[in-house]
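Structure record follows, encoded as structure tokens.
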Amino acid sequence: MELKIKTKTSEYPIIINDSFKGLPEAFERVSLTGRKLCIISDSNVAPIYLDEVKKLLEGRFLKVVSYVFEAGENSKNLDVISDFYDFFAREQLDRRSVLVALGGGVTGDMTGFAAATYMRGIPFVQVPTTLLAQVDSSVGGKTGVDYKGNKNMVGAFYQPWFVYINTSTLNTLPPREFSAGMAEAVKHGYIIDKDYLYYIMVNRQAIKALDPKALSKVVYGSCKCKAYVVSKDEKETGLREILNFGHTFGHAVETICGFRLIHGECVAIGMTAALYFSMQRGRITQRDMKAAQEILTYFDLPVDVKDISTEKVYEQMFYDKKTKDNKINIVTLDKIGSAYTEKDPGEEEIMAALGYIVK
Ligand code: ADP
Ligand code: ZN
């Protein structure tokens, strides 16, 4: 399966497959072969997939080299990027060389940033191996690193030449990471595409069992949603805001108890709050609310959180990057499959939604 991402500055395909076999051809199609290629991967992904990918690509390129960094968000900083540059220089990569990000969101963000900045920009390709990266972070052109504890503080919008998704890599992904990706997939359904949401609900068993056909539909459905939003708003000035559904609540929860929850789990909790917010306004029904909690719970995602103070979460919401002029904006639904931003709704409604998720 395949779809096209169109932005003002570029156009590129997302190729969805259940193996790596189509990868060489994908490079041929965009005429990226015959040069030096550097695969960047992390210490968890490299032992499983690096050899296979390398073997497939060797022979089509002048030289294929690889750089493996230590897995984890802790590596997402300028020191490790500087290690990348040293490696590129040693291997004499030039403006024609191409980088491949083989791994999850961390690998994609870092490789994209290195590609955007090395020699003022060299081609790069995304090969995401987590569900989160496949349905979310590999599409949209956001690249970057954390800086002094601030997530994604330094970065650039930089689009890949193509995205190649092999859904069978999800077989080795830790179940908790799979669930986290499902939170964003469900989010896409709620904010953009009702039919896609229902597909997930109806085929939940096949998806959880990692059935290849079901997985490709999920990845395709999400990429299509993201493609739609990103093509209309590449640099996050308007429409793209709706992708923050569940994130204003979720980021605050993540900051306060991030040590025990991962991003997708916080998004599930945040979405529950955002859906409750919509229900308070009469936009969705109690039945919708129940169905949402059911589908999130089915994918082993939390829909509430214990032992934190609603006041603290509320205060934290003011520190969100996207909070403007000290006003909290909540992305909410006007109906299932359609979202908008509610500007500065006031403390009472927000606290009620927080009361619903803090148990
Ligand atoms: P994200 O969740 O944003 O994609 P990471 O890049 O940190 O974040 O990936 C999450 C974790 O899963 C990391 O520890 C990474 O090494 C690991 N990982 C990524 N892809 C796979 C895979 N296909 N199989 C096993 N582990 C993987
Ligand atoms: Zn997210």
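Derived from the Cα gyration tensor, the three semi-axes of the equivalent ellipsoid of segment 175-357 are 25, 19, 15 Å, largest first. Rounded to the nearest angstrom and listed largest first, the equivalent-ellipsoid semi-axes of segment 230-309 from its Cα gyration tensor are 21, 18, 12. Projected label points at Gln280 and Ser10, each 7 Å from Cα along the beta carbon direction, are separated by 4.1 nanometres. Helices assigned as whole DSSP H runs in the chain whose Cα atoms extend at least 24 Å along their own long axis and whose mean Kyte-Doolittle hydropathy is -1.0 or higher are found at 175-191, 212-232, 263-280. Per-residue 3J(HN,Hα) values for segment 122-132, derived from phi via the Karplus relation 6.51 cos²θ - 1.76 cosθ + 1.60 with θ = phi - 60°, read 10, x, 9, 10, 9, 10, x, 10, 10, 5, 4 Hz in sequence order (x marks Gly and Pro).
Along the axis of the charge dipole computed for the chain (Cβ charges of +1 for Lys and Arg, -1 for Asp and Glu, origin at the Cα centre), the listed residues Pro174, Met279, Pro13 are led at the positive end by Pro13. The three principal axes of the C-alpha atoms in segment 1-111 carry coordinate ranges of 35, 32, 28 Å, sorted with the longest axis first. Among beta bridges from DSSP that stay inside segment 2-172, the antiparallel ones total about 30%.
Of the peptides 65-72, 225-232, how do they stack up when ordered by the mean number of other Cβ atoms within 10 Å, highest first?
On the way: 65-72: 16.6, 225-232: 19.1.
Packing order, densest peptide first, comes out as 225-232, 65-72.
Please report the equivalent ellipsoid semi-axes of the chain, computed as sqrt(5 x eigenvalue) of the Cα gyration tensor, largest first, in whole Å. Present the calculation step by step, with values, prior to reporting the outcome.
Numbers: eigenvalues 247, 94, 64 Å².
Whole-Å semi-axes of the equivalent ellipsoid: 35, 22, 18.
Each Lys and Arg adds +1 at its Cβ and each Asp and Glu adds -1 at its Cβ; summed about the Cα centre, segment 91-144 shows a dipole of about 180 debye. Shown is the FRET efficiency for Glu28 and Tyr147, computed with R0 = 45 Å from the Cβ-Cβ distance and rounded to the nearest 0.05: 0.75.
With n ≥ 4 as the cut-off for DSSP H runs, can you work out [θ] at 222 nm for the chain, using -39500 (n - 2.57) per run divided by the number of residues, rounded to the nearest 500?
Numbers: 13 runs with 153 residues, N = 359.
That comes out to -13000 deg cm²/dmol.
Between Glu349 and Arg204, the simple spin-label model (points 7 angstrom out along Cα→Cβ) gives 2.9 nm. Excluding same-chain neighbours fewer than eight residues apart, the aspartates and glutamates reachable from Lys306 by a Cα-Cα span under 18 Å are Glu254, Glu265, Glu315.
Read the figures in this text as sums done on the coordinates, not as results from a lab. Just so it is clear, the model here is predicted, and its values are computed rather than measured. Don't worry about glycine lacking a Cβ; one is built from the backbone with ideal geometry, like all the others, and counts go over all protein chains shown.
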